[in-house]
């Protein structure tokens, strides 16, 4: 398995493509938008430059990595001859189901289909294909080139052979695979998102301010980043989507998104990517200034 396709050139997709290419895999980076592909390649180049500056890789390594990435705006052309497809499109169930139907129609019969979903059922995604035993979850963490963890999610029909192949492949790109079963939120988000949601509830109820909540969790719980800053980094729309999936999946009120989160997403305050969330990022991408509506 030397040829791998990645669907989506956004934050997760370009990070996954970067990682596989850096370890010598021939990567087909696919997105319907040429502009998104251009941004993705620019991000990969910038991240490689940073690694060269820190002497983690050589200039030759950077060149080889970029040469391993080939771009496509057509799924049919992009998946030709690949052994694995990793889908990293927006966290939207209808979109993912459509993509997997297209992949099933256009990929070789022995191609493994993986999704980078952070919460959507692997079993549901696999059900729209004729190869459910070859569908699996590969939930990478952001930023992909740096974070070691990959949640490997077994759908109801995922075969042992496919599980073994993907676990082995994950180790070959110097990541740590953790096998989990297919339930809403898997492990990472089943634990993380209720914490983020409760942090937003704490702010919403006036218990403490943004910096106070984040400081308590950083200094008191040894978290490298406070939960509200982390929510901004993930994207508040992504957090809301994951919580909705978990709420629908479990029908448990503890997963119901905080009204403040819902309102912020409706207002377009999505975190770092929109320039404002719990913090203001208009002048710096660092969480240095609390957004106006949360200032004391």
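Filter segment 121-137 down to residues that are surrounded by fewer than 24 Cβ atoms within 10 Å (Cβ to Cβ) and touching a residue at least 40 places away in the same chain (Cβ under 8 Å) and give me whichever is farthest from residue 247 (Cα to Cα).
123
State all residues of segment 255-293 that are farther than 21 Å from residue 91 by Cα, at pLDDT 95 or above and loosely packed, with under 14 Cβ neighbours inside 10 Å; if no residue qualifies, say none.
Matches in segment 255-293: none.
Scan 167, 207 and give me the residue that is over 30 Å from residue 293 (Cβ atoms) and either within 20 Å of the chain's Cα centre (by Cα) or assigned by TED's automatic domain parsing to the domain that holds residue 234 (or both).
On inspection, the qualifying residue turns out to be 167.
Could you grab me the full set of residues in segment 103-115 that are touching a strand residue (DSSP E or B) at 6+ places or on another chain (Cβ under 9 Å), farther than 12 Å from residue 136 by Cα and without any contact (Cβ under 8 Å) to a residue 60 or more places away in the chain?
Across segment 103-115, the qualifying residues are 104, 107.
Return the pair list, or none, for Cβ contacts closer than 6 Å from residues in segment 181-207 that are without any contact (Cβ under 8 Å) to a residue 40 or more places away in the chain to residues that are assigned to a helix (DSSP H, G or I), at least 6 apart or on different chains.
Note: pairs meeting the criteria are 195/227; 199/213; 199/227; 199/228; 202/213.
Test of understanding: among 220, 249, 235, which residue is surrounded by fewer than 22 Cβ atoms within 10 Å (Cβ to Cβ) and farther than 20 Å from residue 189 by Cα?
Answer to the check: 220.
Please indicate, with yes or no, whether at least one residue in segment 131-139 is in contact with a strand residue (DSSP E or B) (Cβ under 9 Å, 6 or more places away or on another chain) and in a loop (DSSP other than H, G, I, E, B).
Yes, some residue in segment 131-139 is in contact with a strand residue (DSSP E or B) (Cβ under 9 Å, 6 or more places away or on another chain) and in a loop (DSSP other than H, G, I, E, B).
Kindly indicate whether residue 14 is in contact (Cβ under 8 Å) with a residue 24 or more places away in the chain, closer than 30 Å to residue 98 by Cβ and in contact with a strand residue (DSSP E or B) (Cβ under 6 Å, 6 or more places away or on another chain).
Here the answer is no, as residue 14 does not meet what is asked.
Does segment 252-274 hold any residues that are at negative phi and without any contact (Cβ under 8 Å) to a residue 12 or more places away in the chain, and which are they?
Matches in segment 252-274: 252, 253, 263, 266, 267, 274.
The values are calculated or read from the model by the stated rules, or taken from the named source; none is laboratory data. Bear in mind the structure is a predicted one, so any value in this text is a computation, not a measurement. Reconstructed Cβ throughout: ideal geometry from the backbone, glycine too, with neighbour counts over all protein chains shown.
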